[in-house]
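The structure appears right after this line, and notes come after that.
The values are calculated or read from the model by the stated rules, or taken from the named source; none is laboratory data. The structure presented is a predicted model; accordingly, all values stated were derived computationally and were not measured. Methodologically, a virtual Cβ is constructed for each residue, glycine included, from the backbone with ideal geometry; neighbour enumeration extends over all protein chains shown. Ligands, DNA and RNA are excluded from the accessible area calculation, which covers all protein heavy atoms including side chains. Shrake-Rupley method; radii C 1.70, N 1.55, O 1.52, S 1.80 Å.
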Amino acid sequence: MIEKIINIFQIKELRNKILFTLIMLAVYRLGTHIPVPGINSEALLHYFNSSGGALFNIYNLFSGGALGRFSVFALGVMPYISASIIMQLLTAVIPSLERLQKEEGDYGRWKISQYTRYLTIAIAAFQSLGLSIWLSNLKTEAGASLISISPFLFVILATFIVTTGTVFLMWIGEKITEFGIGNGISMIILAGIVAEIIPAILKTYELFKVGEISILTLLLAVVIIVLVVAGIVYIQEAERRIPIHHARRSISITNQSASYLPFKLNP
């Protein structure tokens, strides 16, 4: 294993791709710790931990903890994912978009990407506006506000900064896809989840120590996690193998690696 890793870094092009990806991910992780001006991050995190609920914890996981700190990357890349899904649905129901995607080649795909970016900005602006208005009205248990500046100024600043942060993350994801390793947006989501795994494990262990989580519940959670991961891998790697029948042979050779065409069942 160590020898294989060393061989990877001996290839200059692959080494540069890995280093570029790591640098971009480091920039992303740095941004998740830069709070929006005017917010009390500690009071906000305490509020979310005490009454945030499961939905907030899931979204906070995908943002790498940025939402809990209300950092410049608070929304993560979720607006871009939402925009991509919406554009995929629109291309199926709007004939002009469908023709643009299927008949215009590279120009059509570039145009669809441009529309996706514009829609990402609109979604991010709408979500950041709603989130900043909601936060400006929150109070701590002592009745103090979670912001230290005027609500109007905070809403303007937060909306602009968080929207810009999402656009910057979208750009980082595209650059990772172009110059780095793998799909950039997926890599950013992965980095956020991985960053939150260790704190989640430590928190679970502390809850187990004080008796808030029983051994049966803990084992059940581990079993569910293993089954979910196994199911995802099974579906993701599933393929249908179409046997190749050679014209000069009376039978199909299905036991050799080059005797079939593999088609992914989950493209």
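Structural remarks
- 2 or more residues at pLDDT 75 or above and either open to solvent by 90 Å² or more (accessible area, probe 1.4 Å) or under 20 Å from GLY182 (Cβ atoms) (or both): qualifying helices (runs of 4 or more DSSP H) within the stretch 1-64: 12-31
- Taking every residue in the stretch 1-23 that is in the same structural domain as GLY184 (by the TED database) and pairing it with any residue that is assigned to a loop (DSSP other than H, G, I, E, B) and of a type outside the set (A, V, I, L, M), at least 6 positions away or on another chain, the pairs with Cβ-Cβ distances below 6 Å are LYS17/GLY180; PHE20/GLY180; THR21/GLY180.
- Positions within the stretch 198-222 being in a helix (DSSP H, G or I) and open to solvent by 80 Å² or more (accessible area, probe 1.4 Å), in sequence order: ILE198, ILE201, LEU202, LYS203, TYR205, GLU206, LYS209, ILE215, LEU216, LEU219, LEU220
- Residues satisfying the stated conditions in the stretch 114-154, i.e. within 25 Å of the chain's Cα centre (by Cα) and β-branched (Val, Ile, Thr): THR116, THR120, ILE121, ILE123, ILE133
- Checked against the criterion of being in contact (Cβ under 8 Å) with a residue 24 or more places away in the chain and open to solvent by 70 Å² or more (accessible area, probe 1.4 Å), the stretch 168-183 has at least one qualifying residue.
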